[in-house]
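Trainee: Can you keep this structure in mind? I'll have questions shortly.
Read the figures in this text as sums done on the coordinates, not as results from a lab. Quick caveat: nothing in here was measured; it's all calculated off a predicted structure. With ideal geometry, Cβ positions are generated from the backbone for all residues, glycine too; neighbour counts draw on all protein chains shown.
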Amino acid sequence: MMTSFLFIIVNTAFVLAVSPLFISLIKKVKAFCQRRQGPPLLQTYYNLAKLLKKETVYSSNSSFIMRITPYLNMSVVLTASLAVPFLFIPRSMAGVGNELLFLYLLAFAKFFMALGGLDAGSTFGGMGSSREMALSAIFEPTVIIVFAALAYVLKTLDLHQMFAQSGSNLLMLEHPSLFLSGLSLFIILIVETARIPMDNPETHLELTMVHEAMILEQSGKNLALMEWSHAVKQTLLMAVLLNVLLPSGLGFSLLSIPAAALIFLFKGVALSVVVGVFESMMAKYRLFRLPGLFMVALFFSFLTIIVEVFL
């Protein structure tokens with residue numbers, strides 16, 4: 001019981017603390033690739049601290065939906081973070097890491113973000129919510145298939161057990177098809193966090209906005225919570241990818257927490273650099289080209305299953 005309580009506190013605090021760092025690091029890498037100086041690595045922390053001090057303004061057309069969405073989003077992604085161990089794997093929390101529950105929680109947060117974009121009554125918010133739901137209707141089945149392929153390879157639906165298996169032996173040697181799943185998980189990371197080529201998180205150009213349009217009417221503490229919850233969601237998806245392909249650092253003991261924190265930070269920094277370089281090499285896709293990107297993830301997940309069945 002005590003271990004479960006410590007896991008909840010430590011895991012939640014860690015993901016809240018490191019998530020803004022990866023956002024800033026990706027921006028820094030993109031700036032370096034473009035021969036710019038870029039923002040400081042702590043800039044996202046400064047932005048969140050500034051927004052938390054500002055007044056929250058609501059549209060006269062908005063209802064309680066816009067008021068509860070930031071708090072609900074943050075609560076949901078922090079609940080989802082319990083399914084993804086960062087520092088150690090608790091033995092006494094069976095069922096918490098169920099990947100179906102994890103995916104449902106992320107979809108629930110996305111649904112309320114879209115509702116919040118519609119609730120303000122602005123044209124941009126409605127446009128962004130409409131685009132987000134249209135793309136999600138196409139991409140969510142792909143996400144389910146990718147995680148189903150992962151569950152098929154590792155013979156479990158529990159993310160805790162997946163990471164425990166990965167940590168106990170070199171699964172990449174036993175199951176080379178995990179590399180294909182890793183490519184699909186990388187595409188999920190890009191799409192679900194609204195990064196290039198799916199969306200441009202740096203723009204407020206109305207013709208291309210998707211994610212940014214839904215939070216355009218948020219301000220003050222609410223905007224800080226929306227940005228922070230988005231950073232947490234990115235870190236969760238990064239952790240799933242990293243802990244499946246590069247599981248070193250996770251243990252079952254509380255004594256391994258400091259080493260596990262340093263190892264995950266190192267892996268997270270490396271993946272953030274990869275994401276930044278990948279974005280710098282790509283241009284934003286036109287809206288009708290995005291399903292092609294989704295099909296790539298779907299193809300790799302099906303190929304994973306085929307390789308496991310026949311080879």
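Trainee: Bin all alpha-carbon pair distances of the range 120-161 at 10 Å intervals from 0 and give each bin's fraction as a whole percent.
Mentor: 26, 29, 22, 17, 6
Trainee: In debye, nearest 20: dipole of the range 195-311 around its Cα centre with unit charges on the Cβ of K, R (+) and D, E (-)? Mind showing how you got there, number by number?
Mentor: Details: 7 positive and 8 negative charges, 38 e Å.
Approximately 180 debye in magnitude.
Trainee: Follow-up question, since we're still on this one. Full extension from Lys54 to Ser219: what is 0.36 nm times the residue separation minus their Cα-Cα distance, to one decimal in nm?
Mentor: 58.6 nm
Trainee: Separate question: Give me, ordered by chain and number, the residues 5 or more places off Asn98 or on other chains with an amide H under 5 Å from its own placed amide H.
Mentor: Leu159
Trainee: Starting from one equal scatterer on each C-alpha and no solvent at all, send me the Debye-based log10 I(q)/I(0) for the chain at q = 0.07, 0.12 Å⁻¹, two decimals.
Mentor: -0.26, -0.81
Trainee: Please list, by residue number, every one of the trypsin sites (Lys or Arg not before Pro) in the range 259-306 that is coil in DSSP and has at most 11 other beta-carbon atoms within 10 Å.
Mentor: Counting only loop positions with at most 11 other Cβ atoms within 10 Å, the trypsin sites (Lys or Arg not before Pro) in the range 259-306 are Arg286.
Trainee: Treat each spin label as a single point 7 Å out from the Cα along the C-beta direction, and report the Leu262 to Ala31 distance in nm.
Mentor: 2.8
Trainee: Considering the dipole of the chain built from charges on the beta carbon (Lys and Arg +1, Asp and Glu -1) around the Cα centre, which of Thr203, Phe64, Ala260 is farthest to its positive end?
Mentor: Comparing the listed Cα positions along the dipole, Thr203 ranks first.
Trainee: Checking the a/c ratio against 1.5 first, then a/b against b/c, what shape does the Cα gyration tensor give for the range 188-283?
Mentor: Verdict is oblate for the range 188-283.
Trainee: For a paramagnetic label modelled at 7 Å from the Cα of Ser75 toward its Cβ, which residues of the range 1-25 fall within the zone defined by backbone nitrogen distances under 17 Å?
Mentor: No residues fall inside that zone.
Trainee: Okay, helix-only estimate at 222 nm for the chain: each DSSP H run of n ≥ 4 adds -39500 (n - 2.57), divide by all residues, round to 500 deg cm²/dmol; what do you get? Numbers along the way, then the final one.
Mentor: Numbers: 12 runs with 219 residues, N = 311.
So the helix-based figure for the chain works out to -24000 deg cm²/dmol.
Trainee: Something else now. Under unit Cβ charges (Lys, Arg +1; Asp, Glu -1), what dipole magnitude, rounded to 20 debye, does the chain have relative to its Cα centre?
Mentor: 700
Trainee: To the nearest µm²/s, what D does Stokes-Einstein give for the range 228-267 at 4 °C and 1.567 mPa s, using the Kirkwood radius over alpha carbon pairs as Rh?
Mentor: 120
Trainee: Could you compute Rg(Cα) / (2.2 N^0.38 Å) for the range 1-154, with N its residue count?
Mentor: After normalising by residue count via 2.2 N^0.38 Å, the value is 1.24.
Trainee: First measure r as the distance between the Cβ atoms of Glu202 and Tyr285, then evaluate 1/(1 + (r/R0)^6) with R0 = 22 Å and state the FRET efficiency to the nearest 0.05.
Mentor: FRET efficiency, Glu202 to Tyr285: 0.90.
Trainee: Which value, in nm² and rounded to one decimal, describes the direction-averaged projected area of the C-alpha convex hull of the range 229-311?
Mentor: Quarter of the Cα hull surface area: 8.2 nm².
Trainee: If you filter the range 27-74 for trypsin sites (Lys or Arg not before Pro), then keep DSSP loop positions with at most 14 other Cβ within 10 Å, what is left?
Mentor: Arg35, Arg36, Lys54
Trainee: Taking the Cα centroid of the range 187-259 and of the range 70-147, what is the distance between the two, rounded to the nearest whole Å?
Mentor: 11
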